[in-house]
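To start, the structure itself, in structure tokens.
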Amino acid sequence: MFCILIFASTASALRINELQYNPEGDDYDFEFIELYAENETNVSGYYFDGIDFTFPENTTISGYLVLANTLNDSGENNDFLDKYKTECIFEYGGALSNEGETISLFSKTGNVIDTINYTNIAEIDYSLERTINGFVVSDEKGGTPGRENTRSFFYNESENKNETQNNETNSCDASIKISLSKTTFQNKEQISIKHMLANITDSYTIEYWIDDFFNKTIRTKQNTTNTNTKHYTPSINEKEKIMILKAKLYVECNDTNLSNNFYEEMIFVFNPNYIEEEKTEESEDKKDETKTKAKEKPEITSFYTLTKNLVENKTISIYAFIKNPSQSGEFSAVLIQNNETIDKEDFVVENKTSKKLTFDIALKENANNFSLKLYKDTILYDSSSLHLAAVPINHTPQKQARAEEKFINNSKELELNINENNDKKEVSSNSFKIAAYLLLGLSVALNTVLIWRR
């Protein structure tokens with residue numbers, strides 16, 4: 001449910017602007033949450049954490065928007081309208097805690113738009129109004145749903161010194177990160193997850209869970225109030241799976257920077273025991289149909305680099321072409337280097353076109369085994385590999401030394417061949433001389449015999 005009333009204001013971004021968490025009478029009849037946006041903002045698909053509500057499609061906010069807990073039927077019995085003089089048409093599920101809690105607003109894609117953490121500081125039937133220094137109690141009983149707050153968004157010390165000092169004392173810039181020993185795991189291998197917090201002085205709550213690559217929850221959300229190491233053991237039936245570890249931090253202090261209260265870490269799980277299903281005999285018609293469908297699947301047509309001088313720590317460009325012969329669609333490409341996921345790119349490929357991707361990667365010494373995986377929805381459509389070898393930075397080329405060694409070896413071989421030929425020629429010359437002497441001796445002996453007979 002929402003109602004929209006537009007007023008001029010100096011505040012800008014979309015924010016949670018007012019809360020009525022403990023109204024007089026039935027909470028379910030008179031609770032409300034007020035949002036404010038100075039400029040027209042499309043909130044289609046935006047949703048809350050802390051209450052149950054998602055904005056329907058084609059919903060925009062410009063000015064004030066009020067969400068009520070329960071709305072009565074229009075007419076004489078509309079208690080909400082009677083009390084607040086503001087009529088709303090949508091309602092949220094659940095209820096606001098009278099003791100305080102955290103309420104968060106997310107975009108359709110899951111980005112944090114605003115998060116507030118309130119405590120029970122207001123008397124019954126007084127609302128909490130958002131200021132730049134935190135929440136303050138409304139001056140008007142019942143609050144001001146659908147209209148300007150009793151306190152300016154830029155309410156400061158000159159208006160109420162004590163409250164401002166209290167808010168400043170309770171301000172903080174808390175942050176959270178996830179620490180892992182590595183990002184690639186085997187199936188059934190235990191994963192140790194450590195939440196790292198900074199700038200925490202008050203109590204806190206960490207909400208953590210695991211989604212797959214397509215934001216489908218694998219491990220349900222859990223809450224913790226400590227940073228002890230958490231463990232998770234993946235169990236997959238697929239050949240491989242990408243998982244996203246997520247954590248969100250809630251604090252009691254007035255957090256001045258909400259952008260670092262959410263963190264996610266991507267990991268890659270592969271199944272070494274995965275066995276391909278055996279293929280049964282298919283008819284010729286079935287084979288032709290399978291071939292036709294295979295031709296219509298999106299695929300990685302090339303995966304390469306043009307860099308020739310491969311040196312460790314050098315950043316090179318790796319290119320890939322994705323071809324989509326079927327209908328236009330949204331795809332995701334995941335780049336893995338030496339079994340570690342290092343990049344991910346989401347893109348659209350139109351029907352019967354190709355998409356060029358460029359990844360700038362720093363080489364590691366020796367082996368650099370790259371793998372590119374193409375996903376659409378939850379399906380792995382194609383993968384391609386590229387193997388590169390990088391030499392150390394201080395590496396000296398050995399081509400000249402090898403050439404000199406080859407020349408020396410060749411020279412030795414040539415000298416050896418020449419000596420062998422000379423030896424053969426010397427042997428031949430000596431044989432010729434011996435034969436000549438034998439013929440001469442035989443001739444002398446024959447002449448001596450002839451003279452003696454005469």
Task: Scope segment 181-204; condition over 27 Å from ILE242 (Cβ atoms) and either in contact with a Lys or Arg (Cβ under 9 Å, 6 or more places away or on another chain) or among the aromatic types (Phe, Trp, Tyr) (or both); matching residues - done: ALA198, TYR204
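Of all residues being under 26 Å from THR102 (Cβ atoms) and charged (D, E, K, R) in segment 239-285, which is modelled with the highest pLDDT? Just the residue, please.
At the first step, the residues of segment 239-285 found to be under 26 Å from THR102 (Cβ atoms) are 243-266.
Imposing the further condition that a residue be charged (D, E, K, R) reduces the set to 246, 248, 252, 255, 264-265.
Details: LYS246: 94, LYS248: 91, GLU252: 79, ASP255: 81, GLU264: 91, GLU265: 91.
Top of the filtered list is LYS246.
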TODO: Hey, could you check segment 340-367 for residues that are among the hydroxyl-bearing types (Ser, Thr, Tyr) and either under 24 Å from the mean Cα position of the chain (by Cα) or within 23 Å of PHE270 (Cα to Cα) (or both) and say which is surrounded by the fewest Cβ atoms within 10 Å (Cβ to Cβ)?
DONE: THR358
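Table: residues versus (1) modelled with pLDDT under 90; (2) closer than 25 Å to THR86 by Cα; (3) in the same structural domain as ASP377 (by TED's automatic domain parsing); (4) not in a strand (DSSP E or B).
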| residue | (1), (2), (3), (4) |
| --- | --- |
| GLU129 | no, yes, no, no |
| SER138 | no, yes, no, no |
| PHE153 | yes, yes, no, yes |
| ASN156 | yes, no, no, yes |
| GLU159 | yes, no, no, yes |
| THR164 | yes, no, no, yes |
| GLU189 | no, no, no, yes |
| TYR208 | no, no, no, no |
| ASN223 | yes, no, no, no |
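Considering PHE331, PHE370, which residue is touching a residue at least 12 places away in the same chain (Cβ under 8 Å), closer than 23 Å to ASN215 by Cβ, outside any loop (DSSP other than H, G, I, E, B) and under 19 Å from the mean Cα position of the chain (by Cα)?
Numbers: PHE370 fails: closer than 23 Å to ASN215 by Cβ.
Among PHE331, PHE370, only PHE331 is touching a residue at least 12 places away in the same chain (Cβ under 8 Å), closer than 23 Å to ASN215 by Cβ, outside any loop (DSSP other than H, G, I, E, B) and under 19 Å from the mean Cα position of the chain (by Cα).
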- [ ] State the number of residues belonging to segment 172-181 that are at pLDDT 90 or above and over 21 Å from TYR204 (Cα atoms).
- [x] 1
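A quick yes/no check of all residues on (1) out of contact with any strand residue (DSSP E or B) (no Cβ under 6 Å at 6 or more places or on another chain); (2) at pLDDT 90 or above; (3) of a type outside the set (A, V, I, L, M):
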site	(1), (2), (3)
ASP26	yes, no, yes
GLU40	no, no, yes
VAL43	no, yes, no
PHE55	yes, yes, yes
GLU76	yes, no, yes
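Taking the conditions exactly as written (modelled with pLDDT of 90 or more and either surrounded by fewer than 20 Cβ atoms within 10 Å (Cβ to Cβ) or β-branched (Val, Ile, Thr) (or both)), does THR70 satisfy them or not? It would help to see each step written out before you state the result.
Working: modelled with pLDDT of 90 or more: no; either surrounded by fewer than 20 Cβ atoms within 10 Å (Cβ to Cβ) or β-branched (Val, Ile, Thr) (or both): yes.
Taking the combined requirement at face value, the residue does not satisfy it.
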Task: The one condition in (1) buried (at least 17 other Cβ atoms within 10 Å of the Cβ); (2) modelled with pLDDT under 80 that ASN149 fails to fulfil - done: (2)
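Could you tell me which residue of segment 364-409 is modelled with the highest pLDDT, considering only residues that are acidic (Asp, Glu) and assigned by TED's automatic domain parsing to the domain that holds SER302?
Residues of segment 364-409 that are acidic (Asp, Glu), as a first pass: 365, 377, 382, 404-405.
With assigned by TED's automatic domain parsing to the domain that holds SER302 added as a condition, the list becomes 365, 377, 382.
Numbers: GLU365: 81, ASP377: 73, ASP382: 87.
Selected residue: ASP382.
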Task: Residues that are at pLDDT below 90 and buried (at least 16 other Cβ atoms within 10 Å of the Cβ), drawn from segment 103-121 - done: ILE113, ASP114, THR115, ILE116, ASN117, TYR118
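The values are calculated or read from the model by the stated rules, or taken from the named source; none is laboratory data. As the structure is a computational prediction, the values presented were derived from the model and not from experiment. Quick reminder, even Gly has a Cβ in these numbers, built from the backbone with ideal geometry, and neighbours come from all protein chains shown.
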